[in-house]
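Asks: Starting off with a structure, shown below.
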Number of protein chains: 6
Amino acid sequence: MRPSRRAPDELRAVTLERGVVKYAEGSCLVRFGDTHVLVTASLEERLPPWLKGQGRGWVTAEYGMLPRATLERTRREASTGKQNGRTVEIQRLIGRSLRATVDLEALGERQITVDCDVLQADGGTRTASITGAWVALADCLNWMAARNMIKGKVLRDNVAAISCGIYNGTPVLDLDYAEDSEAETDANFVMTGDGRIIEVQGTAEKTPFTQDEFLALMALARKGVGRLVELQKIAVA
Amino acid sequence: MRPSRRAPDELRAVTLERGVVKYAEGSCLVRFGDTHVLVTASLEERLPPWLKGQGRGWVTAEYGMLPRATLERTRREASTGKQNGRTVEIQRLIGRSLRATVDLEALGERQITVDCDVLQADGGTRTASITGAWVALADCLNWMAARNMIKGKVLRDNVAAISCGIYNGTPVLDLDYAEDSEAETDANFVMTGDGRIIEVQGTAEKTPFTQDEFLALMALARKGVGRLVELQKIAVA
Amino acid sequence: MRPSRRAPDELRAVTLERGVVKYAEGSCLVRFGDTHVLVTASLEERLPPWLKGQGRGWVTAEYGMLPRATLERTRREASTGKQNGRTVEIQRLIGRSLRATVDLEALGERQITVDCDVLQADGGTRTASITGAWVALADCLNWMAARNMIKGKVLRDNVAAISCGIYNGTPVLDLDYAEDSEAETDANFVMTGDGRIIEVQGTAEKTPFTQDEFLALMALARKGVGRLVELQKIAVA
Amino acid sequence: MRPSRRAPDELRAVTLERGVVKYAEGSCLVRFGDTHVLVTASLEERLPPWLKGQGRGWVTAEYGMLPRATLERTRREASTGKQNGRTVEIQRLIGRSLRATVDLEALGERQITVDCDVLQADGGTRTASITGAWVALADCLNWMAARNMIKGKVLRDNVAAISCGIYNGTPVLDLDYAEDSEAETDANFVMTGDGRIIEVQGTAEKTPFTQDEFLALMALARKGVGRLVELQKIAVA
Amino acid sequence: MRPSRRAPDELRAVTLERGVVKYAEGSCLVRFGDTHVLVTASLEERLPPWLKGQGRGWVTAEYGMLPRATLERTRREASTGKQNGRTVEIQRLIGRSLRATVDLEALGERQITVDCDVLQADGGTRTASITGAWVALADCLNWMAARNMIKGKVLRDNVAAISCGIYNGTPVLDLDYAEDSEAETDANFVMTGDGRIIEVQGTAEKTPFTQDEFLALMALARKGVGRLVELQKIAVA
Amino acid sequence: MRPSRRAPDELRAVTLERGVVKYAEGSCLVRFGDTHVLVTASLEERLPPWLKGQGRGWVTAEYGMLPRATLERTRREASTGKQNGRTVEIQRLIGRSLRATVDLEALGERQITVDCDVLQADGGTRTASITGAWVALADCLNWMAARNMIKGKVLRDNVAAISCGIYNGTPVLDLDYAEDSEAETDANFVMTGDGRIIEVQGTAEKTPFTQDEFLALMALARKGVGRLVELQKIAVA
């Protein structure tokens, strides 16, 4: 029995609320149960120096948590003077995940920065961030298309992400914090709308896992991402 | 005529929404029109080293803006590696304002950290922060009182803040961004429920102002703070 | 009775010594009693990036304290790796105060950096800094005028600053450290030669103050600034 | 045809040279072809603060590259003032991988720090680091056992790692730099001696991959890790 | 002919003014011609962690330059966020030089920090700093002796320093900035009152020098330090 | 008797192994007994900003130690966020030493960066670094000459360095760690192939030394450098 009484293959309640911030070209408040992330997509007519003059654009991401998004207050990274290792890992993952379905040539020489700020954290902040980021990015691209800044299909497919893990010996979908802190194995899957894999990260801090266990997690993830992609499609429709 | 068509002594629509975050001992989402600040009050059983063993507690504040809270995206302070001068000024102001009505001895040897994170900025983020911070702080103290951690009246009075300025030659209350960027003079007033002054900051980047002009701003502020204190009392009732 | 036996409206002995450093275009060693600040004004033919090409110049300030300017040695900010919040606040205040009477268009596309370094601190370092900074700035502008780099009146008025506070229930002028550490209320006033206000900062860490108390402080400040402006005029004559 | 003319399932020449540094309790110079990493394991009788008094030890890792380990010189991280995101990701991965087979209770309240410094980089530095780190760690534990500091089996199994990728449409084992920079997909597998998975990271910056492709990579990895574990066993014999 | 018309073995006008700062236990304003350094010696009842409980004290130094001590303004190190390499080298040299004649056991478990802040720089700031630092240190130790905090002879000898160089082919004493920037060779000598050497640093950025040239510089230095030690003895008499 | 049983004027076993890294234009693994330093010379077609357009090139150096190069592990500088004072001093010394025999005009507008990374430290890391750096630099210049990038004699002479010290009252050559930590005096000499001096640094942390003692050290150094230059000539032949 999961602490939340969910079935093993059951997502938390997921909502994707668009247009939540006045200034951003795209934005989405994504909720996976009690995990709430505010995502904005900001268009800028500039590029990182190493990309200039190549006829391509760039999509990048930054991630942060409000200090009291967590059970205990964590120190503000702006005050400690640097982003910690976990933050760096997550924002690199979000950026890679989004770029995998964007046609950077079609975007043109511009940068879209996706900011994912966790207002409340109950496990799965990185997967919620990616899932919401795709919505904010899609809105930003629609904003650009409406102004004739881009032509054709810049976004090739949906991108969504979900975590899975082995909790009390059972593979379960979409871990919340209570499960995550107890799970033997934790894996994050980023997948496209057509079921292909963009990124897989499986970690066993406690006990190494077998290939069969991993395949069970991947099957759950495929199901969960399928549902998330449906919700994305409804949200941007 | 103000850009927002408000009367010179008219506040923006102000809302104070409590309990918006699951984990914090106190929290408040404060809105002054399109300026939205998420405030949390976090209780910690620790003190800054210089305060240990003196039988007193401490209240401090941190301030931040989400990168796309503003018209143009601003760089994330966690990524630049330091809080800029404006951030430092504001969080020190919020901390001093709150401490002025807290009985630190009655609080006991504990620290309350108030985090003010601006989700959307349209002028007046520091005054909205202070006004909402008082609500979050009050809730945190109520949380403590309900657990018999404190006795008696720790919070001696209300604290609220408002900006005033001279816009097109006319003293006006509660500047939004359109006014703030054009105002000749900008002043922030932090006051108590009984009308006394905790902090006054008046600045003339463009044209120095006279004592009479300053007194006109103070009169407006007194009126505005009076209204904010009423709203605080309704919120925590 | 004040610890220094001064009358409530009596300044400390103030001296403004010009030309104290060999290389700077303008310099002033300002003493408010035992508070000694070495100020230099440095002309540079460059501008902050955000100001380029707008036909205007810039005046900015930096502030520092020698480690043993104080009763106890404080850590060197160059060694801790950052300027603390108080330093940042003060140098921003000095910069704003000076800019309020400089015609930045008439200055041309150049920057003047005013460095205020406290050799000895006995309260009122920021007000002494501003008062001396005006002298160094005036000398720098005279140096430029003598070389036909500027024409007409770049400096529109004098700027001086003084602190006031309520000490043992009495409003007093120009707090020294012994008074400052005991005062209920502390306010700094930056004013022009014609009596208008550039910046007001009043703070009540202990007890909120009334409007009447604030007006009493402002009246003292006006008197003190008047005397400082006289001394500035004698110094640069 | 691979640039190195290797068969798809062929490792580069791998050597594991022990005892290469005079002072460290364990050390290993690991070579995967032209990728050379110097690994040391350092025993310290101290723990991170959050782990004190829990009867458990800790194993952590740090990773670095000499500035000219690469084709073009890269900036020295000690000089830029921080470790970049890639460095942080890799050292966290190495640490997690090692901890997965260490019995931290049996280790006792001590820390072993594994430093992986890349002398020359030709792709696969993280997998070479993990494979060599296990040897250095084993030697450090043997050093401790010889001094009766630990009893029983602290190291539960071997740990080795290898990269796989899809290069020119074919799944290949142990990518070198020439392949890595062209591969559509890149995956790193960390596995135990008994064939279980500790960590999987698969990334598609260019084209998302299918589950079947991923399984083909995993099969290659299993084969490669098996060979690496044999070499580890020979090295420590 | 030297730019200053001094004889090759002639020092600049040297003054050592004691007691220039109100709070410090020892202080000295040292002038070598137009090079002016304000030195303070601060006693603290604490030690660096690695020295605790060893029955010995410590003497350390910090060095800084005011931004406009130089012909062109240099950036404030507190603002750039770190001390540059030259600053670090100099403050380490000053500390080592002073420690060489202090009986650290006799000092007791305390630290004296000597701050050398250059108000105006015209070459030779490190040698002026050391020479003045000895005076400030001596005064600090006298202050302690007067309070019975130390007994006997803590300071075993005088320490003074001077630069020499080969300018236009001639060995000269006490280089000013005009000479320093043109000299082929630059050497700094730190010596005791009895003529022994504490530190020698000779550098040839342009042309390597011979042993005979070096000995000629050392002979000049011996003469110069002899004169500086006389001035120190007069100053503290 | 020296701990290593060497004669007072006897170097440790010195080897200079070239071409040890695949990518660098020049490289050398230098060993002075148990002190091992990996040196690379990297050519870059860029210059520091202050040197652009002057028709001259630049040679600079960076220095680092692997964390477990030492008896006890030292913290990684990339992780602490800055290079410590000793590192800064040493890399500045290496850079100056190399520049003293390079014809920077003949080098052309390019920069050569010499990285000296200590793999194992047993005293004398800075002198081994300089001695090996000359070999790596020579190889880099040969690489350039072979591609007609430079003409004529860019490297005017050899440069080598050795430490000397007074150990148990006797002047000895090439201190190892056991001697260095006990020596009364420690001096480093950087000299050219023709016996002239580039840099001398003599330090007496414990007891000041006499001129005669210093001359005895210099005589030893001359002998040691002569031998090192012979080895360099053999290495590059």
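Asks: Identify all residues within the range C:19-37 that are surrounded by fewer than 20 Cβ atoms within 10 Å (Cβ to Cβ) and within 10 Å of another protein chain (Cβ to nearest Cβ); write none if there are none.
Replies: C:Val20, C:Lys22, C:Tyr23, C:Asp34
Asks: I'm trying to understand the selection: among the residues of the range F:59-89, which are at pLDDT 95 or above, buried (at least 21 other Cβ atoms within 10 Å of the Cβ) and more than 7 Å from chain D (Cβ to nearest Cβ)?
Replies: Scanning the range F:59-89 gives F:Val59, F:Ala61, F:Tyr63, F:Met65, F:Ala69.
Asks: Residues B:Gly165, B:Gly152, B:Gly132, B:Gly193: which one is out of contact with any Cys (no Cβ under 9 Å at 6 or more places or on another chain) and away from chain C (no Cβ under 14 Å)?
Replies: B:Gly152
Asks: Anything in the range D:113-124 that is more than 10 Å from chain F (Cβ to nearest Cβ) and either part of a loop (DSSP other than H, G, I, E, B) or over 30 Å from F:Thr40 (Cβ atoms) (or both)? List them, or say none.
Replies: D:Gly123, D:Gly124
Asks: Hey, among the residues in the range F:89-106 that are touching a helix residue (DSSP H, G or I) at 6+ places or on another chain (Cβ under 8 Å) and among the hydrophobic types (A, V, I, L, M, F, W, C), which one's farthest from F:Leu141 (Cα to Cα)?
Replies: Taking the candidates together, the pick is F:Ile90.
Per-residue answers, yes or no, for (1) within 13 Å of the chain's Cα centre (by Cα); (2) under 25 Å from C:Val118 (Cβ atoms); (3) of a type in the set (Gly, Ala, Ser):
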position: E:Asp103; (1), (2), (3): no, no, no
position: E:Ala106; (1), (2), (3): no, no, yes
position: E:Glu109; (1), (2), (3): no, no, no
position: E:Ser129; (1), (2), (3): yes, yes, yes
position: E:Gly132; (1), (2), (3): yes, yes, yes
position: E:Asp139; (1), (2), (3): no, yes, no
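Asks: Here are F:Ala145, F:Ala160, F:Ala183, F:Ala187: which of them is out of contact with any Pro (no Cβ under 8 Å at 6 or more places or on another chain), part of a strand (DSSP E or B), without any contact (Cβ under 8 Å) to a residue 40 or more places away in the chain and more than 14 Å from chain D (Cβ to nearest Cβ)?
Replies: Only one candidate qualifies: F:Ala187.
Asks: Right, here's the next one. Given F:Trp143, F:Trp134, which one is modelled with pLDDT of 95 or more, buried (at least 21 other Cβ atoms within 10 Å of the Cβ) and of a type in the set (Phe, Trp, Tyr)?
Replies: Within the list F:Trp143, F:Trp134, the selection yields F:Trp134.
Asks: Right, another one. Can you tell me which residues in the range C:193-217 are surrounded by fewer than 22 Cβ atoms within 10 Å (Cβ to Cβ) and farther than 30 Å from B:Trp58 by Cβ?
Replies: If the condition is that a residue be surrounded by fewer than 22 Cβ atoms within 10 Å (Cβ to Cβ) and farther than 30 Å from B:Trp58 by Cβ, then C:Gly193, C:Asp194, C:Gly195, C:Arg196, C:Asp212, C:Leu215, C:Ala216 are the ones that fit.
Conditions tested, residue by residue: (1) under 15 Å from F:Pro171 (Cα atoms); (2) among the hydroxyl-bearing types (Ser, Thr, Tyr); (3) at pLDDT 95 or above.
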| residue | (1), (2), (3) |
| --- | --- |
| F:Thr185 | yes, yes, no |
| F:Asp194 | no, no, no |
| F:Glu199 | no, no, yes |
| F:Pro208 | yes, no, no |
| F:Asp212 | yes, no, no |
| F:Leu231 | no, no, yes |
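Asks: Hey, can you tell me all the residues within the range D:100-126 that are surrounded by fewer than 20 Cβ atoms within 10 Å (Cβ to Cβ) and not small (Gly, Ala, Ser)?
Replies: Within the range D:100-126, D:Asp103, D:Leu104, D:Glu105, D:Glu109, D:Arg110, D:Gln111 meet the criteria.
Asks: Which pairs turn up if I take residues in the range C:50-61 that are in contact (Cβ under 8 Å) with a residue 40 or more places away in the chain and look for partners that are of a type in the set (Ser, Thr, Tyr) and not in a helix (DSSP H, G or I) with beta carbon separation below 7 Å, at least 6 apart in sequence or on another chain?
Replies: Pairs found: C:Thr60/C:Thr113.
Asks: Taking the range D:3-12 as the region of interest, how many residues are out of contact with any Asp or Glu (no Cβ under 6 Å at 6 or more places or on another chain) and under 15 Å from D:Gly226 (Cα atoms)?
Replies: Qualifying residue count for the region: 2.
Asks: Further question on the same structure: Restricting attention to the range A:50-70, report how many residues are under 30 Å from A:Asp180 (Cβ atoms) and out of contact with any strand residue (DSSP E or B) (no Cβ under 7 Å at 6 or more places or on another chain).
Replies: Selection size over the range A:50-70: 1.
Asks: Oh, and also: Looking at D:Ala221, D:Ala237, can you tell me which residue is of a type outside the set (Val, Ile, Thr) and in contact with a Leu (Cβ under 9 Å, 6 or more places away or on another chain)?
Replies: D:Ala221
Asks: For the range F:207-237, how many residues are out of contact with any Ser or Thr (no Cβ under 8 Å at 6 or more places or on another chain) and part of a loop (DSSP other than H, G, I, E, B)?
Replies: 2
Asks: Further question: Mind telling me which of the residues A:Leu29, A:Leu47 ends up being of a type in the set (A, V, I, L, M), in contact with a strand residue (DSSP E or B) (Cβ under 6 Å, 6 or more places away or on another chain) and part of a loop (DSSP other than H, G, I, E, B)?
Replies: A:Leu47
Asks: For F:Gly85, which of the numbered conditions (1) touching a Lys or Arg at 6+ places or on another chain (Cβ under 9 Å); (2) farther than 19 Å from F:Ala187 by Cα fails to hold?
Replies: It is condition (2) that F:Gly85 fails.
Asks: Which is in contact with a Phe, Trp or Tyr (Cβ under 7 Å, 6 or more places away or on another chain) and either farther than 22 Å from F:Leu38 by Cβ or among the hydrophobic types (A, V, I, L, M, F, W, C) (or both), of D:Ala138, D:Ala161, D:Ala133, D:Ala100?
Replies: Answer to the check: D:Ala161.
Asks: Looking only at the range F:62-91, which residues are part of a helix (DSSP H, G or I), among the small types (Gly, Ala, Ser) and touching a residue at least 12 places away in the same chain (Cβ under 8 Å)?
Replies: F:Ala69
The values are calculated or read from the model by the stated rules, or taken from the named source; none is laboratory data. Values in this document were obtained by computation on a predicted structure and should not be read as measured data. Because the Cβ atoms are built from the backbone with ideal geometry, glycine has one as well, and the counts that use them run over all protein chains shown.
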